[in-house]
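Each remark here refers to the structure printed beneath this line.
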Amino acid sequence: FNDEMRIIKNINTIYLPNIYHPQQEAFYIQPKKCDNIIDIACFGAIRPLKNQFLQGIAAILFGNNIGRTIHFHINGTRPEQLGENVLKNLRWLFSGSKHQLIEHEWYGHTEFLTKLVPQMHIGMQVSFTESFNIVTADFVHAGIPILVSEDVEWMPEFTKVNANSSELIAQKLRFMWKTQVGTPNIACRLALQKYNNDATKEWEDFINV
């Protein structure tokens, strides 16, 4: 988009990357016992391009396939850009089901990272578009596995899935459940560290021009 606007509108703009630098050191908490319940989080502002509704469908398919109850966690107080319809559809999707939609308020970053994220078994950020995705970085920082779309470019390939297919997302959730829950996700942390190093260098080069 930045390059296109430079060509079309002759605007001399510069796009600089995010740098993820939370106050807390990276940590890892062993996942809680599931007691037949799997806690899956799809946090962040509710917007159509965040793809929460399809991810909710995939979470239900995954739970049905393995015979477990899904608690699907969202931030229910932050609909943006016509996200009200997405929230309404999510509530309808989980109504009358053994699976539950759990809505959380919007947290400050420190509380979100240290108190809410560690309660989850798996995170989801299978969005249609992203520039970085802080929620993904938070889950990686906390050692919780997270499934993403191709648009979260800095994550390892084994964490990515097609954002248009609920069936493929459900299959990848099963893979994450079997292989990633209960591990500190070293590959994801290394990927985040590499991204931060590259982003820092890009900022330094820009500042020193």
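The values are calculated or read from the model by the stated rules, or taken from the named source; none is laboratory data. Remember, predicted model here, so these are calculated numbers, not experimental data. As a convention, Cβ positions derive from the backbone with ideal geometry for all residues, glycine included, and neighbour counts pool all protein chains shown. The area values use the complete protein model at the heavy-atom level, side chains included, leaving out ligands, DNA and RNA. Shrake-Rupley method; radii C 1.70, N 1.55, O 1.52, S 1.80 Å.
Assuming R0 = 35 Å, what is the FRET efficiency of residue 164 and residue 78, from their Cβ-Cβ distance, to the nearest 0.05?
Numbers: r = 24 Å, r/R0 = 0.69.
With a Förster radius of 35 Å, E is 0.90.
Please work out how much length the chain gains when fully extended from residue 32 to residue 3, using 0.36 nm per residue of separation minus the C-alpha to C-alpha distance, in nm with one decimal. Mind showing how you got there, number by number?
On the way: separation 29, 0.36 × 29 = 10.44 nm, distance 4.59 nm.
Full extension from residue 32 to residue 3 adds 5.9 nm.
Where the centre of each part is set by its Cα atoms, how far does the range 91-154 sit from the range 11-57, in angstrom?
If we compute the Cα centre of each part, the gap is 4 Å.
Any chance you could run the full-extension gain for residue 88 through residue 16? It's 0.36 nm times the residue separation minus the Cα-Cα distance, nm to one decimal.
Details: separation 72, 0.36 × 72 = 25.92 nm, distance 3.54 nm.
Separation in residues times 0.36 nm, less the Cα-Cα distance, equals 22.4 nm.
Divide by every residue of the chain the summed helix terms, -39500 (n - 2.57) for each DSSP H run of at least 4, and state the resulting mean residue ellipticity at 222 nm, rounded to the nearest 500 deg cm²/dmol. Could you put the intermediate results ahead of the total?
On the way: 6 runs with 80 residues, N = 209.
That comes out to -12000 deg cm²/dmol.
Carbon and sulfur atoms: what percent of the 1.4 Å accessible area of the range 97-193 do they account for? Numbers along the way, then the final one.
On the way: 2070 of 4060 Å².
Of the solvent-accessible surface of the range 97-193, carbon and sulfur hold 51 percent.
At a 10 angstrom cut-off on C-beta neighbours, averaged per residue, how do the peptides 57-63, 74-80 rank from highest to lowest?
Details: 57-63: 22.4, 74-80: 17.3.
Ranked from most to least packed, the peptides come out as 57-63, 74-80.
If packing is taken as the mean number of other Cβ atoms within 10 Å per residue, what is the order of 199-206, 168-175, highest first? Walk me through the numbers on the way to the answer.
Numbers: 199-206: 12.2, 168-175: 19.1.
Descending mean neighbour count gives 168-175, 199-206.
Quick one: how many lysine pairs does the chain have with C-alpha atoms less than 17 Å apart and a gap of 8 or more or different chains? Give me the count, please.
On the way: 32/115; 32/178; 33/115; 33/178; 50/88; 50/160; 160/172; 160/178.
So the count of such lysine pairs works out to 8.
Could you size up the charge dipole of the chain around its Cα centre, putting +1 on the beta carbon of Lys and Arg and -1 on that of Asp and Glu, and report it in debye to the nearest 20? Mind showing how you got there, number by number?
Details: 19 positive and 21 negative charges, 158 e Å.
It comes to approximately 760 debye.
Suppose we keep just the DSSP beta bridges with both residues in the chain; what percent of those would be antiparallel, to 5? Write out the running numbers ahead of the final one.
Details: 0 of 17 bridges.
Counting only bridges with both partners in the chain, antiparallel ones make up about 0 percent.
By average Cβ neighbour count within 10 Å, what is the ranking of 19-26, 144-151, 157-164 from highest down? Intermediate results must be reported in sequence, preceding the final value.
On the way: 19-26: 12.0, 144-151: 23.8, 157-164: 16.4.
Result, highest mean Cβ count within 10 Å first: 144-151, 157-164, 19-26.
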